[in-house]
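Undergrad: Input: one structure, supplied below.
Only the coordinates and a few stated rules stand behind these numbers; no lab work does. Nothing here was measured: the structure is a model prediction, and the numbers come from that model. Using ideal geometry, Cβ is built from the backbone for each residue, glycine included, and neighbour counts are taken over all protein chains shown.
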Amino acid sequence: MDRAEERLQHELSRGQQPLAELDLDEIRLRFVYFGSQRFDTADTPDADGLLIQYGTHAFEGPPVFTLDLARQFEINDASGEHDHYIQLHCELRYEPVPRLRVLGHFESWFFHDTDDELGAWADSLGRQEFWPIVRNFHPQEIRVYQEQV
């Protein structure tokens, strides 16, 4: 997992096309591909998960509409007990125009080592009605970062 952020950056920059020039569908496909790559994680049901969420928030100043594609890893202590999570984010920030604000909030999780299939989860997300709406806007900023939660 030490190189997970580097692998996400690599997957998003595959083909030498700058991240800012990728369309939303390409970012989603590359993120899902990254999500299909397994890491050495804890042996718990929620040790390796993918999250897609959006909403309008004002965490760091004026409100922005944020579409966040995240991967979460559970980190355990030496005795095998939960210690914290590491989250890798590919965060797309948009001007909070009325058409995006009315979408409200959304989140959808996928966890490896469950009965769910990554492909089916990704396909169901691609059919969500927010994709064609968000696709019509260009993000003001795209951030890739890691945080401990």
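Undergrad: Only one of PHE110, PHE65, PHE73 is in contact with a Pro (Cβ under 9 Å, 6 or more places away or on another chain) and crowded, with 18+ Cβ neighbours inside 10 Å. Can you tell me which?
TA: Result: PHE65 is the single residue among PHE110, PHE65, PHE73 that is in contact with a Pro (Cβ under 9 Å, 6 or more places away or on another chain) and crowded, with 18+ Cβ neighbours inside 10 Å.
Undergrad: What do you reckon, is VAL134 β-branched (Val, Ile, Thr) and out of contact with any helix residue (DSSP H, G or I) (no Cβ under 7 Å at 6 or more places or on another chain)?
TA: When the stated conditions are applied, VAL134 does not pass them.
Undergrad: Follow-up question, since we're still on this one. Name the residues in region 48-64 that are in contact (Cβ under 8 Å) with a residue 60 or more places away in the chain and either of a type in the set (A, V, I, L, M) or under 19 Å from HIS105 (Cα atoms) (or both), would you?
TA: Listed by number, the residues that qualify are LEU50, ILE52, TYR54, VAL64.
Undergrad: Return the residues of region 58-81 that are over 14 Å from VAL144 (Cα atoms) and either among the hydrophobic types (A, V, I, L, M, F, W, C) or assigned to a strand (DSSP E or B) (or both); say none if nothing qualifies.
TA: Scanning region 58-81 gives ALA58, PHE59, VAL64, PHE65, PHE73, GLU74, ILE75, ASN76, ALA78.
Undergrad: Determine the pairs where a residue that is touching a residue at least 40 places away in the same chain (Cβ under 8 Å) and within 19 Å of GLN140 (Cβ to Cβ), located within region 92-108, has a partner that is of a type in the set (Asp, Glu) and not in a loop (DSSP other than H, G, I, E, B) with Cβ atoms under 8 Å apart, the partner being 6 or more residues away or on another chain.
TA: Close Cβ pairs satisfying both conditions: LEU92/ASP68; LEU92/GLU141; ARG93/GLU141.
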